[in-house]
Amino acid sequence: MARGVAAAVAALGVVAVLLTAAAAKVCTNTFPSSDSVATHAERAAGQLRLPAGPAARGHGHGHDHEQHLTPTDESAWMELMPRRLLGGGGGSTPPREAFDWLMLYRKLRGGGAAAVDGPAGPFLSEASLHDVRLQPGTVYWQAQQTNLEYLLLLDADRLVWSFRTQAGLTATGTPYGGWEGPNVELRGHFVGHYLSATAKMWASTHNDTLRAKMSSVVDVLYDCQKKMGTGYLSAFPSEFFDRAEALTTVWAPYYTIHKIMQGLLDQYTVAGNSKALEMVVEMANYFSDRVKNVIQKYSIERHWASLNEETGGMNDVLYQLYTITDDLKHLTLAHLFDKPCFLGLLAVQADSISGFHSNTHIPVVVGAQMRYEVTGDVIYKQIATSFMDMINSSHSYATGGTSAGEFWSDPKRLAATLSAENAESCTTYNMLKVSRNLFRWTKEIAYADYYERALINGVLSIQRGTDPGVMIYMLPQAPGRSKAVSYHGWGTKYDSFWCCYGTGIESFSKLGDSIYFEEKGETPALSIIQYIPSTFNWKTAGVTVTQELEPLSSLDMNLQVSLSFSGKNGQSATLNVRIPTWTSASGAKATLNGKDLGSVTPGSLLSVTKQWNSNDHLSLQFPIALRTEAIKDDRPEYASLLAILFGPFVLAGLSSGDWDAKTGSAVSDWITAVPSSHNSQLMTFTQESSGKTFVLSSSNSSLTMQERPAVDGTDTAVHATFRVHPQDAARLHGTHGAALEDTSVQIEPFDMPGTVITNDLTLSAQKSAGSFFNIVPGLDGKPNSVSLELGTKPGCFLVSGADYSAGTKIQVSCKSSVQSIGGILEQAASFAQAAPLRQYHPISFVAKGVKRNFLLEPLYSLRDEFYTVYFNLAA
């Protein structure tokens, strides 16, 4: 009891310190003023001499950006520091006396606190990536393999070029471009991410080529560090830190150092490279000396002021390092990278984060979580909990993503922030860390549900299909936007290397890290919180768990999960499985070896304890349904803006800007599933001209010929795909309409379900005689050639033109006789029936709209297509 009271008093003392710190001046990286440059995008534009993008400009928030506070007032920290470091000798510079890290730690903790109260816990521990394997052929496995291909494509010599140059070693080859360019101040950050990503990818795949490549990078960096001889290691000069400490402009040097230190630490903890641990310890010692010198020469106030810049997760990596070294210097240095001006607001549960640069501060919260785990400081658990609740209730989009133009807006005011610059990928990566830690501590299903939502919609969405090394920075949320059309658009393999490329390669390297969580003990336990087809070697129970999912389609009423076990003489152990909040108790079911386990409650863990052996089989059935979710905006005029979800999947409507939907009393009144059989009715009509292939396209209420796209996933592919269905359904057979000659059909644009092309070349939802075409053998007489004859005007056909370029409009021409007219009409009126450039996703729906219907598909599956995430139901 006494210890609990002491802990409570200590926690109150920490809050007091944090609040005192929050009583000073403007906090770091708040919303930029007209004369400041605070976003990564604008800084990169300046250093790469690119046009500045919209990321840091007005976002339509409609509020005055409030001033946030930072501990830059000396008096705020007076009581935290040894007096001899603050006063001094009659001069402006305090005397340089012995720097006692233990004394500093105790002052930071509030007087005579013990060195460390002791770690919190016990918590769930994540399953080792070495023991998890994703099931081949699945969406997650494909995303992992695409990322592996990219990591193997990257050249080690080009990655370390700037490190070698900085160390005075001979650099081989040429450096990469983008944010890794030799003149960009953030250079080296991606290499740190690369070390983390390759360590986790190797653990996930045991690819020997990758292991050799990542080890060679560590070896080069080791040589660079030894050559410089001080423990310093970076791709830029230490002079950058001189500038930071002098409070002059420099682009986030500690941000990059964090990435390098974290990458090396992951190479040690995940990949077992002991050399990497030696290197990160040397770096920590070097920066300990720098921070010590700043405090001794000036004050702790000056140190905090020098951190008024993005510092990544410096506190996080130093807390992690402390758990390995048990060096109090590393623990104290971690404290000195905590940010009281921000954490203080969270400590009192004040939602005052608007105007803060999101990805500067989320890693600080992750570091605060590590502080709680390492020291047992309960206030930092409360801080993380408050922050997560804040984001979930007021600052997150339907995808789980957060931020607009890299910043947070006012709470519950997201409607005005919708743009092409929403949900920065880095913020999703870091929010996933926050949520998984909270789940490990509490087992609360809400955190696992958030992880699922953000992983599916926020992480899987940023990769361009199976194109290695092609990812996005932002995930647009506004109507009529495309992942391909924003300030950054899709990146490139070798000339982007944005911050979001770094977190992207990490995300796709560790897709298996949050499926399974273990609890050690006399009766070991395993919690399965994500339903991702995979296997897990559950060593403590002596069995291997295989998780499989039945393929899901829009017509399915349930998500079916199967867990099977293999291994003999397994010990008694507890299996906990997540019952998602999005499912329904009515119809939810769990059976073990065919025996019903009774009622299943959404938002809970179902627990089974037994001795697991081969032939054990646990089946789970989760009803899955459509639902809507309002945007986080409490103004009445925006109450009609909603997103549509199918279980955890955010459904985007293909649209160039329209978002007016026609609602009903129930979701089923205005949203219906697309039958899988409709894929057999899809086709693309093509013509050849001047050695090029052109496709019939329907876009902006106009029929034209467009050049066939060279890659999949384009908006052109959408517009060049039609659902061609006969008047007589019995005539429909064969593949992609190959047997539709001499058939009366309706032609429906792929992205305009329920709308058909009329004989007047308009689009109409009214299906009359004027909406039918006769598919007849091509007038040019070629095999597989067809002509589209108007149902109301026999002898009149859709024609393009003998010679045309992309954009040529389709017209109607009529034959006056059966004789050829120089072959021109015959050629222009003849199309080849080709396989469709686009198909319906297995999870596809049609939503009724005011002006037109919308084809809904999972947001993660889209590439270059234009879409809307939110719909306006007021109309």
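The values are calculated or read from the model by the stated rules, or taken from the named source; none is laboratory data. Computed from a predicted model, the values in this text were never measured in an experiment. Cβ coordinates were reconstructed from backbone atoms using ideal geometry, including for glycine residues, and neighbour counts include every protein chain displayed. Remember, those area values only see protein heavy atoms, side chains included, never the ligands or the DNA or RNA. Shrake-Rupley method; radii C 1.70, N 1.55, O 1.52, S 1.80 Å.
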Members of region 454-468 that are touching a Ser or Thr at 6+ places or on another chain (Cβ under 6 Å), closer than 18 Å to Val434 by Cα and not β-branched (Val, Ile, Thr) = Ala454, Asn457, Gly458
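Run down Ala874, Ala828 and say which single residue is surrounded by 22 or more Cβ atoms within 10 Å (Cβ to Cβ), at pLDDT below 95 and of a type in the set (A, V, I, L, M, F, W, C). Show your work before the answer.
On the way: Ala874 fails: surrounded by 22 or more Cβ atoms within 10 Å (Cβ to Cβ).
Only one candidate qualifies: Ala828.
Which of the residues belonging to region 685-705 are surrounded by fewer than 19 Cβ atoms within 10 Å (Cβ to Cβ) and of a type outside the set (Ser, Thr, Tyr)? First the steps, then the outcome.
Restricting attention to region 685-705, the residues satisfying the condition of being surrounded by fewer than 19 Cβ atoms within 10 Å (Cβ to Cβ) are 686, 688-693, 699-702.
If the condition is that a residue be surrounded by fewer than 19 Cβ atoms within 10 Å (Cβ to Cβ) and of a type outside the set (Ser, Thr, Tyr), then Glu688, Gly691, Lys692, Asn700 are the ones that fit.
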query = Taking region 227-258 only, how many residues are open to solvent by 40 Å² or more (accessible area, probe 1.4 Å) and either over 22 Å from Tyr298 (Cβ atoms) or assigned to a helix (DSSP H, G or I) (or both)?
reply = 6
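Quick check, is Thr535 assigned to a strand (DSSP E or B), open to solvent by 10 Å² or more (accessible area, probe 1.4 Å) and on the phi < 0 side of the Ramachandran plot?
Details: assigned to a strand (DSSP E or B): yes; open to solvent by 10 Å² or more (accessible area, probe 1.4 Å): yes; on the phi < 0 side of the Ramachandran plot: yes.
Yes: the conditions hold for Thr535.
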task = Considering each of Ser702, Ser689, Ser698, Ser665 in turn, give the residue that is among the small types (Gly, Ala, Ser) and not assigned by the TED database to the domain that holds Val756.
result = Ser665
note = The one condition Ser425 fails out of (1) buried (at least 24 other Cβ atoms within 10 Å of the Cβ); (2) closer than 16 Å to Phe649 by Cβ is (2)
Per-region count, region 657-676, residues surrounded by 17 or more Cβ atoms within 10 Å (Cβ to Cβ) and assigned to a loop (DSSP other than H, G, I, E, B) = 5
request  = Give Gly713, Gly653 a once-over and let me know the one that is open to solvent by less than 20 Å² (accessible area, probe 1.4 Å) and not in a strand (DSSP E or B).
outcome  = Gly713
query = Which helices (runs of 4 or more DSSP H) does region 302-398 wholly contain that include 2 or more residues that are of a type outside the set (Lys, Arg), surrounded by fewer than 24 Cβ atoms within 10 Å (Cβ to Cβ) and touching a residue at least 60 places away in the same chain (Cβ under 8 Å)?
reply = 328-336, 358-375, 378-390
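Out of contact with any Pro (no Cβ under 9 Å at 6 or more places or on another chain), of a type in the set (Val, Ile, Thr) and within 30 Å of Ser509 (Cα to Cα): does that describe Val280?
On the way: out of contact with any Pro (no Cβ under 9 Å at 6 or more places or on another chain): yes; of a type in the set (Val, Ile, Thr): yes; within 30 Å of Ser509 (Cα to Cα): yes.
Criteria met by Val280.
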note = Of those in region 510-525 that are assigned to a loop (DSSP other than H, G, I, E, B) and acidic (Asp, Glu), the residue farthest from Tyr194 (Cα to Cα) is Glu522
inquiry  = Tell me the residue from Ser496, Ser564, Ser553 that is touching a Gly at 6+ places or on another chain (Cβ under 9 Å) and either of a type in the set (Gly, Ala, Ser) or surrounded by fewer than 22 Cβ atoms within 10 Å (Cβ to Cβ) (or both), please.
reply    = Ser496
message = Please determine whether any residue of region 308-330 is under 18 Å from Pro363 (Cα atoms), at pLDDT below 95 and charged (D, E, K, R).
response = yes
query = Just for helices (runs of 4 or more DSSP H) wholly inside region 147-226: which have at least 3 residues that are over 27 Å from Pro136 (Cβ atoms) and over 27 Å from the mean Cα position of the chain (by Cα)?
reply = 161-167
message = Which residue is farthest from Pro842 (Cα to Cα), if the candidates are limited to region 677-703 and must be of a type in the set (Gly, Ala, Ser) and not in a strand (DSSP E or B)?
response = Ser690
remark   = All conditions in (1) within 18 Å of Leu247 (Cα to Cα); (2) surrounded by 23 or more Cβ atoms within 10 Å (Cβ to Cβ) are true of Asn293 except (2)
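Has region 318-332 got at least one residue that is in the same structural domain as Met261 (by the TED database) and within 15 Å of Asn437 (Cα to Cα)? Explain how you work it out, then say what you get.
First pass over region 318-332, keeping only residues in the same structural domain as Met261 (by the TED database): 318-332.
When the remaining residues are screened for being within 15 Å of Asn437 (Cα to Cα), the result is 319-320.
Yes - at least one qualifying residue is present in region 318-332.
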task = Name the residue, out of Val116, Val139, Val160, that is more than 30 Å from Thr39 (Cα to Cα) and either of a type in the set (Phe, Trp, Tyr) or at pLDDT 85 or above (or both).
result = Val139
note = Flagged in region 577-628 as assigned to a loop (DSSP other than H, G, I, E, B), closer than 30 Å to Ala661 by Cα, open to solvent by 30 Å² or more (accessible area, probe 1.4 Å) and in contact (Cβ under 8 Å) with a residue 40 or more places away in the chain, in numbering order, are Thr581, Trp582, Ser584, Ala625
